[in-house]
Amino acid sequence: LKESSQDNNTLRAMFVQFVLGRELDAISGVVIVMNSICFGVEQSFRLNEQPVEIFATFENIFLAFYVLELGARFLVLGLKALKDGWIQFDIVLVSVSISTEWVLGPMLGEGAAEFDLLVVLRMA
């Protein structure tokens with residue numbers, strides 16, 4: 001049991017270091033760039049009237065990553081995370097994304113297109 005406790009402490013320390021260090025920020029930066037590229041390609045597909053269904057899958061994957069990232073930061077920092085302006089900004093963007101992708105989209109179906117302004121805000 002003592003060895004298991006030490007393993008848990010080691011894993012927790014590694015997780016804290018990952019979240020507070022540069023690794024998570026670097027991974028998040030790469031994901032943001034990939035998300036932006038997908039967003040741009042999706043808009044090109046729309047303009048050319050090509051199928052865009054696959055981009056909804058990508059958007060869900062990106063959004064799930066952002067939710068997990070915020071969750072990890074709150075797990076490590078607790079409510080102190082709210083003092084960071086970037087985390088506050090992320091909360092707004094993730095909240096808007098959840099609203100448009102996971103709440104309004106399924107509820108309104110095609111009618112959700114009227115919320116494109118929120119999508120543009122999210123990419124700001």
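The values are calculated or read from the model by the stated rules, or taken from the named source; none is laboratory data. Because the structure is predicted, anything quoted here is derived from the model rather than measured. Areas reflect the complete protein model, heavy atoms only, side chains present, ligands, DNA and RNA absent. Shrake-Rupley method; radii C 1.70, N 1.55, O 1.52, S 1.80 Å.
Per-residue ellipticity at 222 nm, computed for the chain from helices alone with -39500 (n - 2.57) per DSSP H run of at least four residues, works out to -25500 deg cm²/dmol. Round to a whole number: what % of the accessible area of the chain belongs to carbon and sulfur, probe 1.4 Å? Answer for the chain: carbon and sulfur cover 66 percent of the accessible area.
Under 5 Å between amide hydrogens, built in the peptide plane, is the criterion, and for Val52 it picks out nothing among residues at least 5 positions away or on other chains. What base-10 log of the normalised intensity I(q)/I(0) is obtained for the chain from the Debye formula, alpha carbons as equal point scatterers, at q = 0.14, 0.16, 0.19, 0.21 Å⁻¹? One equal scatterer on each Cα of the chain leads to -0.71, -0.86, -1.09, -1.25.
Averaging 1/r over every pair of different alpha carbons in region 35-88 and inverting the result gives a Kirkwood radius of 13.0 Å.
Under 10 Å, Cα contacts only: if you run a Gaussian network model on the chain, which one of Leu24, Leu82, Leu11 comes out with the highest mean-square fluctuation? Of Leu24, Leu82, Leu11, the most mobile in the Gaussian network model is Leu11. Surface exposure of the chain, expressed per residue as accessible area with a 1.4 Å probe, stands at 70 Å².
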